[in-house]
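The block underneath contains the structure these notes are about, expressed in structure tokens.
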Amino acid sequence: MRIARFAADGDPQYGVVELTEDGGRHPGTVSVLTGDPIAQPVQLTGERRELESVRLLAPVIPRSKVVAVGKNYAAHAAEMGGEVPKTPLTFFKPNTSVIGPGEPIIYPSTTQHLSYEGELAVVIGRICREVPVDRVKDVIFGYTVANDVTARDLQASDGQWARAKGYDTFCPLGPWITTHQSLAEVGDLRLTTTLDGVVVQDGTTSDLVLSVAEVVAFISSYTTLLPGDVILTGTPEGVGPMLPGQEVTVTVEGIGSLTNIVASDRSTASDRSTASDRSTASDRSTADDRSGDTSTTSEKDDA
């Protein structure tokens, strides 16, 4: 199943996407759901829209955080001039860095080297902590595609990565969340990134140093994960610069393609102030309210 978050006539909605490859009766459509399936039980409303008639949004606005793993492909670690860390290298990206398909990646004036990093992303489905590897499958809602946008020069100069990884628009996600794949299946998917149509990254998730299950288990060992939290699993070799006006597309086999344009300033982004974008901010606020008291549930749902 593919779960999309989209805008049509007003506030963001959620729906089930059907593609031609599914062999169903309604290819190229999205069937509307009654609400956010990560947050609550949902049903189909009976309404169906043409996929081309809606604007896809980031499929999830993380309730609290995006957590990422650095140097989780040996070849990428080597191209960055190092080795795979003995202890997994993780970092946080703020949820304000999240954007959806088609939204512009803003090139900050503070950097001279803005880089793409195509990645497989994991979406958490339940409150959990200290999850054993063999139970990770129970806490995953699904998978999506991510671009861990990085100001490479700031990453080098700052000594830590909060600024280099954390600017607004530095975490494109999309086009939807797939919920039908097993851990074994996502452990062997081709991952490519193209820049203006030219392939610049071409890897496979089978080359992950830490598997998806090991990544989730490690991160949950030191922080409680909430429904809607997103984990970026690492990028293969081939990272490089992108410039204003260029189009970057990350594709993960079996999930989908995520395309964004690099923009030099916010004027080209029309201030991202449409009604649906304001609703995104409202979603973040609502998610924060939902996550206000999690201690009891977390203890019950430890995995």
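The values are calculated or read from the model by the stated rules, or taken from the named source; none is laboratory data. Because the structure is predicted, anything quoted here is derived from the model rather than measured. Note that each Cβ is placed from the backbone with ideal geometry, even for glycine, and that neighbours are counted across all protein chains shown.
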Is the range 95-111 home to any residue that is in a strand (DSSP E or B) and closer than 23 Å to I38 by Cα?
yes
Only residues that are buried (at least 24 other Cβ atoms within 10 Å of the Cβ), farther than 20 Å from L154 by Cα and touching a Pro at 6+ places or on another chain (Cβ under 7 Å): list them for the range 104-130, please.
I124
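Quick one: would you say D168 is part of a loop (DSSP other than H, G, I, E, B), in contact with a helix residue (DSSP H, G or I) (Cβ under 6 Å, 6 or more places away or on another chain), at pLDDT 95 or above and under 25 Å from D36 (Cα atoms)?
Numbers: part of a loop (DSSP other than H, G, I, E, B): yes; in contact with a helix residue (DSSP H, G or I) (Cβ under 6 Å, 6 or more places away or on another chain): yes; at pLDDT 95 or above: yes; under 25 Å from D36 (Cα atoms): yes.
It is true that D168 is part of a loop (DSSP other than H, G, I, E, B), in contact with a helix residue (DSSP H, G or I) (Cβ under 6 Å, 6 or more places away or on another chain), at pLDDT 95 or above and under 25 Å from D36 (Cα atoms).
Could we say that V230 is surrounded by fewer than 22 Cβ atoms within 10 Å (Cβ to Cβ) and of a type outside the set (D, E, K, R) here? Write out each step before concluding.
Working: surrounded by fewer than 22 Cβ atoms within 10 Å (Cβ to Cβ): no; of a type outside the set (D, E, K, R): yes.
No: the conditions fail for V230.
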Can you find a residue that is farther than 21 Å from L208 by Cα, aromatic (F, W, Y), in contact with a Pro (Cβ under 7 Å, 6 or more places away or on another chain) and in the same structural domain as L226 (by TED's automatic domain parsing) anywhere in the range 167-174?
yes
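Would you call E103 over 23 Å from the mean Cα position of the chain (by Cα) and touching a residue at least 24 places away in the same chain (Cβ under 8 Å)?
no
Can you pull out the residues in the range 73-116 that are hydroxyl-bearing (S, T, Y) and in contact with a helix residue (DSSP H, G or I) (Cβ under 8 Å, 6 or more places away or on another chain)? First the steps, then the outcome.
At the first step, the residues of the range 73-116 found to be hydroxyl-bearing (S, T, Y) are 73, 87, 90, 96-97, 107, 109-111, 115-116.
Of everything in the range 73-116, those that are hydroxyl-bearing (S, T, Y) and in contact with a helix residue (DSSP H, G or I) (Cβ under 8 Å, 6 or more places away or on another chain) turn out to be Y73, T90, T96, S97, T110, T111, S115.
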Against the condition aliphatic (A, V, I, L, M) and part of a loop (DSSP other than H, G, I, E, B), how does V67 come out, does it pass?
no
With E237, E214 as the choices, which residue is within 26 Å of I127 (Cα to Cα), in the same structural domain as V122 (by TED's automatic domain parsing) and not in a strand (DSSP E or B)?
E214
Determine the pairs where a residue that is among the β-branched types (V, I, T) and modelled with pLDDT under 80, located within the range 78-92, has a partner that is exposed (fewer than 14 other Cβ atoms within 10 Å of the Cβ) and part of a helix (DSSP H, G or I) with Cβ atoms under 7 Å apart, the partner being 6 or more residues away or on another chain.
none
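Quick check: is even one residue across the range 70-90 among the small types (G, A, S) and within 25 Å of V54 (Cβ to Cβ)?
Quick first cut of the range 70-90, residues among the small types (G, A, S) only: 70, 74-75, 77-78, 81-82.
In the following step, the residues that additionally are within 25 Å of V54 (Cβ to Cβ) were identified as none.
No, because not a single residue in the range 70-90 is among the small types (G, A, S) and within 25 Å of V54 (Cβ to Cβ).
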Six or more apart or on different chains, Cβ atoms under 9 Å: show the pairs whose first residue is in the range 1-18 and in the same structural domain as R49 (by TED's automatic domain parsing) and whose second is of a type in the set (K, R) and not in a strand (DSSP E or B).
E18/R25
Criterion first (under 21 Å from M80 (Cα atoms) and touching a Ser or Thr at 6+ places or on another chain (Cβ under 7 Å)) does P236 satisfy it?
no
